[in-house]
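Here is the structure we will look at.
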Amino acid sequence: MTADDAVRLIPDGATVAISGGGYRVVPETLLEALSRSFQIGTGPTGLTAVAIAWLERARRGSGGNGTGLNLLAVPGLLDRIISSSYSRSRTSEMSAAIRADQIAAFNYPMGTMVQWMRAVAAGRSGLLTTVGLGTFVDPRVEGGVVNARAGKPLNRVVTVAGEEHLYYPALPLHVALVKASAVDPRGNMFFDDEAFDHGVQDMAMATRRYRGLVIAQVNRLVEYGELHPRFARIPGPLVDVVIVQPDAWEDEQDPVLTGRDYSALPSPSFHTEPRDAIARTVVELLPKNAMVNLGAGIPMYDVPEAARGLGRGDIYFTVEQGPMDGWPKAGGVSRHPGVIMPQLDVFDFYEGGGPDVSVLAFGEVDRNGDVNVSRFGDLMPGCGGFPNIVHGVKKLFFCGTLTTGGLEETIHQGAVDIRVEGRIDRFVQTVSQVTFNAQRALAAGHEITVITDRCILELRADGFEVVRIFPGVDLDADVLAHIPFPVRTDSVTGTIRSHDRTGAPQ
């Protein structure tokens, strides 16, 4: 069918699962048709959107406005949205609609979203998980409720075998909008030109359980047997409608990211200080041959480049979207991936503590060691897979600058040079939202280290301790003045390394 004909099959009030992460594996043509159909009066109304992650295509000059889930931010089209993440822009259409209470919004961990869909697909009554206890997704805290219109949490606390769990009741799915690279005449969906699959199989299976409608957008048609069956993720009988859209988005099917091209990469690139210095410090602290999960921000964008520049080919990187090995970059992809795992399997592995280390960003850190990455006033990026990762991985590095907002800082001759101090201190008395509950983590045996542009801190049972400061940093003026609670400094030492501006150790 055409996309316009396909979306007219969606009934009013349907719960619609939408595939993708960032702008990859996103059925953008279907989303455009759905928005267009509603606005001319021929499309469905009052929908619930279920998206494992935020979907938008960043465009020069307009961010992701007018793309992805922003296309559905039309009063009346969408009644409710459930996702692990939202726009990082205050000006996005969906952010504005949520702030105005035009659309009810819920935020739950990415891994939990995938596991929830698989539980539905398997015919279970719902999902039981210990991920998120004591954080904002716990119904005794906020329950993942984003705005007033959302009302009550969708989950609840239950006790099984004497242990508390969060229980997410089965959510019937009526429609799935999914994206794939190709389809054969039997309806089998292939992902040979995708950088990851992002839970599309789980969406299709969960929708099939309720005999719902699976509508797939593909780039091309192939003959039966033309592609290796291991590239297929969705069996033909699960697919009801196919639309063909040959034009892929820019960079979506980059062969360096999908495993078709393993030619040499350009020389490592470095961004402006102090991100480089933080990334290089992280790399120096990583054990030899470690398997390392990377979160969004400095970890995913800068740490791999620092590792390449410092010759750390021994590190085995992994990102939550599915790529294993290679060199990750923004968007949850990896250049020269060794393995691309289904996302469900990745989160099972993470929650079981598979990686040796996880390197994550932080927005706020408080006196208890709690971390917020999910909400800052009216800016609500959401938690993504952060709660699933910190739940299982035992050695955690949180990295970021000590201050932000106008910070101007460089590394000059191996020393930190703070030219303009940031207006906002990122260490606070109490975080505005608990994405990571540090005391629960300490009790479970986690090691917690915070790496900033000026110092390294470790969290103990009795609070934070500064264990290292970097050259050029004044402990009192540049560190303690920006931490509004007591920290121990009795064992602080100077750094054992410095860097020149190219990233090479001196």
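The values are calculated or read from the model by the stated rules, or taken from the named source; none is laboratory data. The model shown is predicted, which means the values in this text are computed figures rather than measured ones. Glycine gets a Cβ as well: all are built from the backbone with ideal geometry, and neighbour counts include every protein chain shown.
Gly332: touching a Lys or Arg at 6+ places or on another chain (Cβ under 9 Å), at pLDDT 95 or above, of a type outside the set (Lys, Arg) and within 23 Å of Trp116 (Cα to Cα), yes or no? Answer is no for this residue.
Annotation: Asp4 fulfils all but one of (1) modelled with pLDDT of 95 or more; (2) assigned to a loop (DSSP other than H, G, I, E, B); the unmet one is (2).
Could you tell me whether any residue of region 56-79 is assigned to a loop (DSSP other than H, G, I, E, B), under 24 Å from Ser374 (Cα atoms), touching a Gly at 6+ places or on another chain (Cβ under 8 Å) and modelled with pLDDT of 95 or more? Checked region 56-79: no residue is assigned to a loop (DSSP other than H, G, I, E, B), under 24 Å from Ser374 (Cα atoms), touching a Gly at 6+ places or on another chain (Cβ under 8 Å) and modelled with pLDDT of 95 or more. Got at least one residue in region 204-219 being free of Cβ contacts under 8 Å to residues at least 12 places away in the same chain and either assigned by TED's automatic domain parsing to the domain that holds Met324 or assigned to a loop (DSSP other than H, G, I, E, B) (or both)? For region 204-219, residues free of Cβ contacts under 8 Å to residues at least 12 places away in the same chain and either assigned by TED's automatic domain parsing to the domain that holds Met324 or assigned to a loop (DSSP other than H, G, I, E, B) (or both): present.
Residue count for region 171-191, restricted to those that are touching a helix residue (DSSP H, G or I) at 6+ places or on another chain (Cβ under 6 Å) and surrounded by fewer than 18 Cβ atoms within 10 Å (Cβ to Cβ): 2. Of all the residues in region 31-53, those that are surrounded by fewer than 15 Cβ atoms within 10 Å (Cβ to Cβ) and assigned to a loop (DSSP other than H, G, I, E, B) number 4.
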